[in-house]
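Below you'll find the structure, written out as C-alpha cells, and then a few comments.
The values are calculated or read from the model by the stated rules, or taken from the named source; none is laboratory data. Nothing here was measured: the structure is a model prediction, and the numbers come from that model. Note that we place each Cβ from the backbone using ideal geometry, even for glycine, and neighbour counts take in every protein chain shown.
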C-alpha cells in the first residue's frame, strides 16, 4: 500500500455525507456544539451547526502525523528508521508510477466539501456578516488544498461548484488547467478573500496573514527555476512584493526563543501565521510523537532520523561552515562549537535528553547506538530528532501533546522575501535585514559582503536548517531544480567506534539512504491511475 495512506484516493464526486464528525483541527475556541450527527435539513439553519461542517474541513489540513512516512523522508533531511518504508523503497528508488505513486488526489474530497459549504451557506438565511467571514475561510481552505495539488502535480482541474454524476453525467469531469492557470486561480481567490479575513481572528481560524502568506508562497514557487525557466526577474519581484505585504501587516514577529517556539505552552505566539491546532482530547499529537522519533530506551523506535547531510549544514557558532578550514571544526569532536539550532534540533552522541546522556557509540551496550542493520528500534543514521519533541511527552504512552503544528511562520516569510528580493535586485539592504533577523535570534553573526550567488547559497542553507522537520525541504528541492542532484545518490550515517583507544567517527551509507531521481519526470507526481480511469479528459504527466 502507498505509505501516504492519509490521502488515499477517494471519489471526488461522491455525495458528501450528512453526518459531520468534529476532527482534530477544531479548536476549543471554535463554536463546537457536541453533536454526533446533524441532518442536512438543519445543518444550514444555525451558525453553530454550519460551523460543524466547516470545522470538519479544517480538520483535513495536513499535520505531522498525516501519513506514515514523513515528508522529510522524501527529502535529504531524514531517513525512515524502519526497513521497507515507501520513502526508502518505491519512492526512494523512483520505482513509482500511476498505480503506486504518492497519491494526494484525495484532496479533491476536501475541495468538494468546501464547494458544498459555500453553496449551502450562500443559499441560507444565515447572517450576512457571518456568511461573508466563513465563506472567506472556506475559500482559503479550498485554495490551500489546490496549492498542495499544484505543488506536486502541476496544473490540475479547477472545480468550484458542487458536481453530481447522477444529474450531470460526464459534465462532472474536467480537464487539467495549466500550471499557470492553477496558480493564477489560487492567487485570485486569495486576493479576493483577504479583505474579509481578520488580522487577528479567534483561535483556530484563518487570518488575513495566512491568505497573504499562501499567496506569496505560490508566487515564490512560480518564480523559482522549476517554472521560471528563462529567469524572468519580474516574477521574483512579484514574489518579493507579496512577502513584503505580509511583513507590512505589522502583526508578526520572530518568537524570542527558537528552542521553545514549537512547544504547547507557546501555541499561537507572535511568529505563528497559520497552524493546525491539536488538543489532548483528540487523542492525537501536534508534534512528532515519541514513538515516531524517540529513542529505544524510552520505548520509541527511531522511526525518523536526521541524515549526516543535514547535520553537516549546521554552521559553527562563529557562522562558518564546517568545510571552512578557518571555522575551528574538529572532526574528532564534530559536535563541539556548533550553532544553537544544531543543539535545539538534533540529538547526537553525548547530548543530554531528559537528564540522561545519549550514547550512539558502538560496543558499549547502548540501545541507541547506530543500527546499520535497520532491524532494531534505534537510529539508522546516528542521530535522533530533538526539534518538535517536548520533554514532558518523552515517553510512549504519554504522547497526547497539544502543541499545534505550524504550517506558516514569520521566519519563513523573512526568508521568502530575502530569496525573492535577492533574485530580483541582488543582496540589497532589505535582503540582509531579513535574513539577519533570523540569524540574530540564534546568535549567528550577521552576513555582509556577499554577491547574489553567495547570498542565494546562504538563504538556501538557512531555509534548510531553520525550517527542518517542517515539511518544506522536498518542495524547495523541487522548485530550485536541485532534486536531481540532492536526491540522486547516497545519504549517510555516522558510526562511532573505538580504534587504538580513540573514538573514530566514520561516515557510511545509511540503510535506506540510497535514492534515485529522474529529472525527466520526477519533478511532478503521476496522476493516479484511478483518476485517469474515471476521467478520460485528464492527461498524465510526462514520462509516466
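Exactly one residue out of 466, 453 is surrounded by fewer than 16 Cβ atoms within 10 Å (Cβ to Cβ), within 27 Å of the chain's Cα centre (by Cα) and assigned by the TED database to the domain that holds residue 260, and it is 453.
One line per residue, one yes/no per condition, for (1) under 29 Å from residue 225 (Cα atoms); (2) not assigned by the TED database to the domain that holds residue 156:
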{"site": "493", "(1), (2)": "no, yes"}
{"site": "497", "(1), (2)": "no, yes"}
{"site": "500", "(1), (2)": "no, yes"}
{"site": "505", "(1), (2)": "no, yes"}
{"site": "510", "(1), (2)": "no, yes"}
{"site": "522", "(1), (2)": "yes, yes"}
{"site": "533", "(1), (2)": "no, no"}
{"site": "536", "(1), (2)": "no, no"}
{"site": "539", "(1), (2)": "yes, no"}
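Applying a threshold of 9 Å to beta carbon distances and a minimum spacing of six or more residues, or different chains, the list of pairs starting in segment 359-380 at a residue that is not assigned by the TED database to the domain that holds residue 309 and surrounded by 16 or more Cβ atoms within 10 Å (Cβ to Cβ) and ending at one that is assigned to a loop (DSSP other than H, G, I, E, B) and at pLDDT 85 or above is empty.
Of everything in segment 515-542 that is outside any loop (DSSP other than H, G, I, E, B) and touching a residue at least 40 places away in the same chain (Cβ under 8 Å), the residue that is farthest from residue 147 (Cα to Cα) is 515. A single entry from 474, 432 fulfils the requirement of being in the same structural domain as residue 227 (by the TED database), crowded, with 17+ Cβ neighbours inside 10 Å and within 19 Å of residue 221 (Cα to Cα): 474.
Selection of first residues in segment 308-332 that are at positive phi and of second residues that are surrounded by 13 or more Cβ atoms within 10 Å (Cβ to Cβ) and at pLDDT 95 or above, restricted to Cβ pairs under 7 Å at least 6 apart or on distinct chains, gives the following pairs, ordered by first then second residue: 319/444; 319/445; 328/316; 328/318; 328/337.
In the condition set (1) free of Cβ contacts under 8 Å to residues at least 40 places away in the same chain; (2) in a helix (DSSP H, G or I), residue 72 is compliant with all but (1).
Taking (1) assigned by the TED database to the domain that holds residue 108; (2) closer than 16 Å to residue 408 by Cβ in turn, residue 180 satisfies each apart from (2).
Here is a check on your reading of the model: is residue 374 touching a strand residue (DSSP E or B) at 6+ places or on another chain (Cβ under 8 Å) and either part of a loop (DSSP other than H, G, I, E, B) or farther than 22 Å from residue 259 by Cα (or both)? Walk me through it before giving the result.
Values: touching a strand residue (DSSP E or B) at 6+ places or on another chain (Cβ under 8 Å): yes; either part of a loop (DSSP other than H, G, I, E, B) or farther than 22 Å from residue 259 by Cα (or both): yes.
Criteria met by residue 374.
Right, residue 403: assigned to a loop (DSSP other than H, G, I, E, B) and within 28 Å of residue 205 (Cα to Cα) or not? Show your work before the answer.
Values: assigned to a loop (DSSP other than H, G, I, E, B): yes; within 28 Å of residue 205 (Cα to Cα): yes.
Yes; evaluated as a whole, the condition is true for this residue.
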